[in-house]
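What follows is a single structure, written as structure tokens, with notes after it.
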Amino acid sequence: MLLTKLLQKDYTKNSDGYQLKLPLNLETIIPDNDSVRLLSQFVEAMDLTDLYSTYERINSVSPRTLLKIVLYSYMNGDYSSRSMELNCKRDINFMFLLEGSPAPDHATFARFRSIHFAPCSKRILAEMSNALFDMGEISGETIFIDGTKIEASANKYTFVWKKAVTKNQAKLLQKLADFVAECELLYDIKIVYGNTIKIKHVKKLRKKLYALKETENIVFVHGIGKRKTPLQKSIETLESYLNRLKKYNQQIHICAERNSYSKTDHDATFMRMKEDAMGNGQLKPAYNLQHGVDSEYITWLTIGPQPTDTTTLIPFLKDAQEHLKFKYKNITADAGYESEENYLFLEANGQLSYIKPANYEISKTRKYKNDIGKIENMEYDVKKDIYTCRNGKNLRVDHIRHSKSKTGYVSEKTIYKCEDCNGCPYKSECIKGNNCKTPLEERTKTLQVAKTFLKHRKEDLDRILSEEGILFRTNRSIQAEGSFGDLKQDMQFRRYLSKGNANVLAESTLLAMARNINKLHNKIQNGRTGTHLFSIKSA
């Protein structure tokens, strides 16, 4: 309707006044490839109510048209808003998507991504995934999950370490305690009634010092050649201490559960990256991007500050289940996602885990199988709950220990202790740990066994060794890791352009949607539509 109104106007206004507007025949503008038409048809079929609700007033270019142009630019590996503005004036494909509307400026594209698209990026991605599911392009049964770290737009050496801030804060509090005691003696005032100095005592001291300044009519001086009074020095020292304390508290608040953040992007966390130009293992500000791939399409994604993938699985699946119209039954991931908490969540959620155990590769080696200190290489009596070592000694239950993870999950470990290790000829092979201060002769063999974890690991191992499990693991390597290969190598996206969680998530969503359109176009051209899994090729 907006396009019809624009074309009905005979005149348009510019800096020279009014001039005749020539009629535009869209049929004469033919794109040079079918991906433009495919993109246009796909976006036209999407429900963009949430995107339109972010606008109070729509100018000459509709939000749907802006989404088409931004996606097409991303499909071609061009992420600059200024390039989008230039292409709208020069490129015939962008002119086709504009449908006769005037070319927007770069600020319009920048505002579209950060102000309008970012608040509803998840719902729009869910709309695309649901549309692909209705078309039969994705199965909706098996999802392949993997993660990668992409560098943030923050500066490299703007780190703030939580451990260092906490240490400096403790030193400053000690200085404040000594300073309060010094001021009590110097100005004959009483502030603290007890052994503990709190912030309220420091604020009370500041109030009394300023009252003393008013009483004695002391004028503060500044500059060279002027001598400050002891009271002025005390007040300035106290103010500097309070400002530093305020800064430390603010930094700890920004860190929250993280160990670090960047001064130029507070949501970015410093992580160890594979792309290390210096070759010294330095940390860089980055985001952990999680992709969920089904039938080669990115159906869901999340952004997080976690440097590892273990704690990202449960939030990822909860978020996907909340937005998507279908629920995945089979969850396939690599060894980085294995944990007792994840196993129990999948079981309670009615989903099957196809997660490769962390010790899967090493457990096949001869060294691992011959290690007599491993619980897998010891005899176990289920009825008596006893392990038997190589020397025939029994390891019985000594106590049970509970530990709490960062996510709040409490796991239970059973500690087994050997009845007698004195004079054992296999002691040096059985007991490990060269950094222990206790001499080897005085040490006793102990085992830490997480029974719930081992039970679920065995069930999961049986699944991944089945024919279906082998098929899923093979496709995970192709599809999940292939999505990041397309992103980093083909689309040449290795660093975010925007800052903040919301904008980074919007940028990642646009990349995923553009990659999905490219993948759909590729599958149409090669006659592979409707295929979900790659078959295993036998030699």
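The values are calculated or read from the model by the stated rules, or taken from the named source; none is laboratory data. As the structure is a computational prediction, the values presented were derived from the model and not from experiment. Note: ideal-geometry Cβ built from the backbone for every residue, glycine included; neighbour counts use all protein chains shown. Ligands, DNA and RNA are excluded from the accessible area calculation, which covers all protein heavy atoms including side chains. Shrake-Rupley method; radii C 1.70, N 1.55, O 1.52, S 1.80 Å.
Can you report the number of residues in region 193-204 which are surrounded by 15 or more Cβ atoms within 10 Å (Cβ to Cβ), in a helix (DSSP H, G or I) and not charged (D, E, K, R)? Walk me through how you get there before you give the answer.
Taking region 193-204 first, the residues surrounded by 15 or more Cβ atoms within 10 Å (Cβ to Cβ) are 197, 201-202, 204.
The next check asks that each one be in a helix (DSSP H, G or I); those that pass are 201-202, 204.
Add one more test, that the residue is not charged (D, E, K, R), and what stays is 201-202.
Residues that pass the stated criteria total 2.
Each row is one residue, and each column tells you yes or no for (1) of a type in the set (Asp, Glu); (2) under 30 Å from Lys329 (Cβ atoms).
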{"site": "Asp146", "(1), (2)": "yes, yes"}
{"site": "Lys156", "(1), (2)": "no, no"}
{"site": "Phe159", "(1), (2)": "no, no"}
{"site": "Ala164", "(1), (2)": "no, no"}
{"site": "Leu176", "(1), (2)": "no, no"}
{"site": "Glu182", "(1), (2)": "yes, no"}
{"site": "Ile191", "(1), (2)": "no, no"}
**Report entry** Selection count, region 332-344, where residues are among the aliphatic types (A, V, I, L, M) and either in contact with a helix residue (DSSP H, G or I) (Cβ under 6 Å, 6 or more places away or on another chain) or open to solvent by 20 Å² or more (accessible area, probe 1.4 Å) (or both)
**Finding:** 2
Query - Selected residue (only one of Lys228, Lys207, Lys190, Lys213 is without any contact (Cβ under 8 Å) to a residue 12 or more places away in the chain and in a helix (DSSP H, G or I)) - result: Lys207
Query raised in the report: Would it be correct to say that Ile386 is open to solvent by less than 50 Å² (accessible area, probe 1.4 Å), over 36 Å from the mean Cα position of the chain (by Cα), farther than 22 Å from Asn359 by Cα and among the β-branched types (Val, Ile, Thr)?
Result: yes
Requested in this report: Pick out, from region 361-404, the strands (runs of 3 or more DSSP E) lying fully within it that include 1 or more residues that are touching a residue at least 60 places away in the same chain (Cβ under 8 Å).
Outcome: 386-388
Report task. Taking Glu257 as the residue in question, decide whether it is without any contact (Cβ under 8 Å) to a residue 40 or more places away in the chain and out of contact with any helix residue (DSSP H, G or I) (no Cβ under 6 Å at 6 or more places or on another chain). Result -> no
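Taking region 149-158 as the search range and keeping residues that are touching a residue at least 12 places away in the same chain (Cβ under 8 Å) and surrounded by fewer than 20 Cβ atoms within 10 Å (Cβ to Cβ), which one is nearest to Leu51 (Cα to Cα)?
Ser153
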Query raised in the report: Counting residues that are open to solvent by less than 20 Å² (accessible area, probe 1.4 Å) and touching a residue at least 40 places away in the same chain (Cβ under 8 Å), which helices (runs of 4 or more DSSP H) fully inside region 407-490 reach at least 3?
Result: 451-464, 467-485
Report task. Considering only residues that are surrounded by 12 or more Cβ atoms within 10 Å (Cβ to Cβ) and assigned to a loop (DSSP other than H, G, I, E, B), look in region 26-44 and name the one that is modelled with the highest pLDDT. Result -> Pro31
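Within region 118-131, identify whether any single residue is part of a loop (DSSP other than H, G, I, E, B) and either open to solvent by less than 50 Å² (accessible area, probe 1.4 Å) or touching a helix residue (DSSP H, G or I) at 6+ places or on another chain (Cβ under 7 Å) (or both), and answer yes or no.
No, region 118-131 contains no residue that is part of a loop (DSSP other than H, G, I, E, B) and either open to solvent by less than 50 Å² (accessible area, probe 1.4 Å) or touching a helix residue (DSSP H, G or I) at 6+ places or on another chain (Cβ under 7 Å) (or both).
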Report summary line: Expected single match for crowded, with 17+ Cβ neighbours inside 10 Å and either on the phi > 0 side of the Ramachandran plot or of a type in the set (Asp, Glu) (or both) among Gly500, Gly530 is Gly500
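Counting just the residues of region 159-183 that are open to solvent by 40 Å² or more (accessible area, probe 1.4 Å) and touching a strand residue (DSSP E or B) at 6+ places or on another chain (Cβ under 6 Å), which one comes out nearest to Phe270 (Cα to Cα)?
Phe159
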Report summary line: Counting only residues in region 263-319 that are under 18 Å from Ala502 (Cα atoms) and part of a loop (DSSP other than H, G, I, E, B), the one most open to solvent (accessible area, probe 1.4 Å) is identified as Lys263
Query - Within region 224-262, considering residues that are over 22 Å from Ala177 (Cβ atoms) and of a type in the set (D, E, K, R), the one surrounded by the fewest Cβ atoms within 10 Å (Cβ to Cβ) - result: Arg227
Query - Scope region 366-383; condition farther than 24 Å from Glu419 by Cα and either open to solvent by less than 60 Å² (accessible area, probe 1.4 Å) or in contact with a Lys or Arg (Cβ under 6 Å, 6 or more places away or on another chain) (or both); matching residues - result: Tyr368
Report task. Could you please tell me which pairs satisfy a Cβ distance under 7 Å, a separation of 6+ or placement on different chains, a first residue in region 516-539 that is within 16 Å of Asp490 (Cβ to Cβ), and a second residue that is open to solvent by 50 Å² or more (accessible area, probe 1.4 Å) and polar (S, T, N, Q)? Result -> Lys523/Thr529
Query raised in the report: If His323 passes every condition in (1) more than 30 Å from Ala268 (Cβ to Cβ); (2) open to solvent by 20 Å² or more (accessible area, probe 1.4 Å) but one, which one does it miss?
Result: (1)
